[in-house]
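**Student:** Quick one: this structure, given as structure tokens, is what I'll be asking you about.
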Amino acid sequence: MTWLITGGAGFIGTHVVRALREAGEPVAVYDDLSTGDRSRVPADVPFVRGSTLDGELLRRTLADLSVRGVVHLAAKKQVAESVERPLFYYRENVRGLETLLEAVADSGVRAFLFSSSAAVYGVPDVPIVTEATPCAPINPYGETKLTGEWMVRAAGRAHGFATASMRYFNVAGAASPDLADHGVSNLVPMVFERLTQGVAPVVFGDDYDTEDGTCVRDFIHVADIASAHLAAARALLDREPGTDLTLNVGRGEGVSVREMIDLIGAVTGYGAGAAPAVAPRRAGDPARVVASAERIRAELGWSARYDVREMVVSAWEGWCLAHPGARRPATAAPA
Ligand code: WQD
């Protein structure tokens, strides 16, 4: 059976494609290349360029490639952009998903994995977030992910396929330098960019009710995200049609922004030169979002393998590969 990976040319998608292939699972990629990189899709992987809004092409693709499982990663994921362009986010992330689910409904697909997000929790008022923690997204991005979970679950029940919604926490790192995230919309690459531009990183607020005053997040290696998808994909094939799983994908360990920046300074060799400038809080930032990773361990026997140092080292190797001319500290430690 073939797994269709929508968004398979993207940062997380290319890691999921590699993980499934290395495990012997046949895959195909469907991607509109709006942000994905075609060169990252292996030449021998069937590739269809298309939008999730193109129902006819999706139906043809599912039939032509005898797809029996879908991993749906294609979506817009920038929180700030979602605030500025909510209807664009609802069109791409919700209407696109609806179109895909309509194509899947009568296609013989047996399993559907959905890329969700810790953003569905909004500003949790508990130190450790479980899947039972109330969801109250505070931006359109998070709203589209929560809506997507409801759609996936209802469609699976109505049309007889098993589903899983994977709530990613803060994704970082790279399985290999060539697969590193080219986007600069999250903490780690944003710090790399400022350091290599010769300016201090910025910490958005150091007056939160946390140990060092900076926000705390659950950082998870993208290679762990990919292995979690492989474990979930295989589990879904053994589950009853119409059943659903909602799973946090995190390490269950909180790391503060300041700790992350200090680690980046040590790994990159900038050392004390990475000391951040403190800026005002960023609107919408929860003080702490840390996963309970108990359910995914209990359901799939899966837990994260990599620690934050391995995330930073691998991300830095990817950054240096993508920015060969980037300014490096004179005393750069080997990554
Ligand atoms: C992390 C922390 C910032 C940059 C992300 C994704 C979201 C979802 C959850 C997948 C915040 C602080 C950042 C900087 C800083 N993932 N920061 N200086 O907002 O937790 O959400 O993970 O679906 O899509 O956006 O991640 O990396 O933007 O910020 O102080 O230069 O780092 O304020 O506290 P966030 P982030």
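**Student:** Would you mention how many residues in segment 90-109 are of a type outside the set (Ser, Thr, Tyr), under 13 Å from residue 143 (Cα atoms) and under 19 Å from the mean Cα position of the chain (by Cα)?
**Tutor:** Residues that pass the stated criteria total 3.
**Student:** Now for a separate question. Consider segment 207-217. How many of its residues are in a loop (DSSP other than H, G, I, E, B) and near the ligand (Cβ under 9 Å from one of its atoms)?
**Tutor:** Initial filter on segment 207-217 (in a loop (DSSP other than H, G, I, E, B)): 207-215.
From the residues that got through so far, the ones that are near the ligand (Cβ under 9 Å from one of its atoms) too are 208, 214-215.
Summing the residues that are in a loop (DSSP other than H, G, I, E, B) and near the ligand (Cβ under 9 Å from one of its atoms) in segment 207-217 gives 3.
**Student:** For segment 110-126, how many residues meet the condition of being within 22 Å of residue 140 (Cβ to Cβ) and either surrounded by fewer than 24 Cβ atoms within 10 Å (Cβ to Cβ) or within 11 Å of the ligand (Cβ to nearest atom) (or both)? It would help to see each step written out before you state the result.
**Tutor:** Going residue by residue through segment 110-126, those that are within 22 Å of residue 140 (Cβ to Cβ) are 114-125.
Cutting the leftovers down to either surrounded by fewer than 24 Cβ atoms within 10 Å (Cβ to Cβ) or within 11 Å of the ligand (Cβ to nearest atom) (or both) gives us 115-125.
Going through segment 110-126 one residue at a time, the tally reaches 11.
**Student:** Kindly provide the set of residues from segment 195-234 that are closer than 23 Å to residue 329 by Cβ and surrounded by fewer than 19 Cβ atoms within 10 Å (Cβ to Cβ), ordered by number.
**Tutor:** 196, 197, 198, 199, 200, 202
**Student:** Sticking with this structure for a sec: Return yes when residue 242 is at positive phi and in the same structural domain as residue 153 (by TED's automatic domain parsing) and no when it is not.
**Tutor:** yes
**Student:** Kindly establish whether residue 274 is surrounded by 20 or more Cβ atoms within 10 Å (Cβ to Cβ) and within 19 Å of the chain's Cα centre (by Cα). First the steps, then the outcome.
**Tutor:** Working: surrounded by 20 or more Cβ atoms within 10 Å (Cβ to Cβ): yes; within 19 Å of the chain's Cα centre (by Cα): no.
Taking the combined requirement at face value, the residue does not satisfy it.
**Student:** Within segment 263-277, track down each residue that is of a type in the set (Ser, Thr, Tyr) and closer than 13 Å to residue 200 by Cβ.
**Tutor:** Pass one, segment 263-277, residues of a type in the set (Ser, Thr, Tyr): 268, 270.
Of everything in segment 263-277, just one residue is of a type in the set (Ser, Thr, Tyr) and closer than 13 Å to residue 200 by Cβ, namely 270.
**Student:** Only one of these conditions is not met by residue 335: (1) crowded, with 16+ Cβ neighbours inside 10 Å; (2) modelled with pLDDT under 95; (3) within 16 Å of the ligand (Cβ to nearest atom). Which number is it?
**Tutor:** (3)
**Student:** Just checking, which of 288, 258, 295 is surrounded by 16 or more Cβ atoms within 10 Å (Cβ to Cβ), of a type outside the set (Asp, Glu) and free of Cβ contacts under 8 Å to residues at least 60 places away in the same chain?
**Tutor:** Numbers: 288 fails: free of Cβ contacts under 8 Å to residues at least 60 places away in the same chain; 295 fails: free of Cβ contacts under 8 Å to residues at least 60 places away in the same chain.
From the options 288, 258, 295, the qualifying one is 258.
**Student:** Name the residue that is nearest to the ligand (Cβ to nearest atom), counting only residues in segment 218-262 that are basic (Lys, Arg) and in contact with a helix residue (DSSP H, G or I) (Cβ under 9 Å, 6 or more places away or on another chain). If you could, list the steps in order and put the result at the bottom.
**Tutor:** Of all residues in segment 218-262, those basic (Lys, Arg) come to 234, 239, 251, 258.
From the residues that got through so far, the ones that are in contact with a helix residue (DSSP H, G or I) (Cβ under 9 Å, 6 or more places away or on another chain) too are 234, 251.
On the way: 234: 23, 251: 13 Å.
Out of the qualifying residues, it is 251.
**Student:** Right, another one. When residue 190 is evaluated against the numbered criteria (1) in a loop (DSSP other than H, G, I, E, B); (2) near the ligand (Cβ under 9 Å from one of its atoms), which criterion, by number, is the only one it fails?
**Tutor:** Every condition holds for residue 190 apart from (1).
**Student:** Name every residue in segment 250-283 that is among the hydrophobic types (A, V, I, L, M, F, W, C) and touching a Gly at 6+ places or on another chain (Cβ under 6 Å), in order of residue number.
**Tutor:** Looking only at segment 250-283, we keep the residues that are among the hydrophobic types (A, V, I, L, M, F, W, C), and these are 255, 257, 260-261, 263-264, 266-267, 272, 274-275, 277-279, 283.
Answer for segment 250-283, where residues must be among the hydrophobic types (A, V, I, L, M, F, W, C) and touching a Gly at 6+ places or on another chain (Cβ under 6 Å): just 274.
**Student:** Kindly list the number of the only condition in (1) over 20 Å from residue 187 (Cα atoms); (2) modelled with pLDDT under 95 that fails for residue 273.
**Tutor:** Failed condition: (1).
The values are calculated or read from the model by the stated rules, or taken from the named source; none is laboratory data. Fair warning: this is a prediction, and the values are worked out from it, not measured in the lab. Cβ sites come from the backbone with ideal geometry, for glycine too, and all protein chains shown count toward neighbours.
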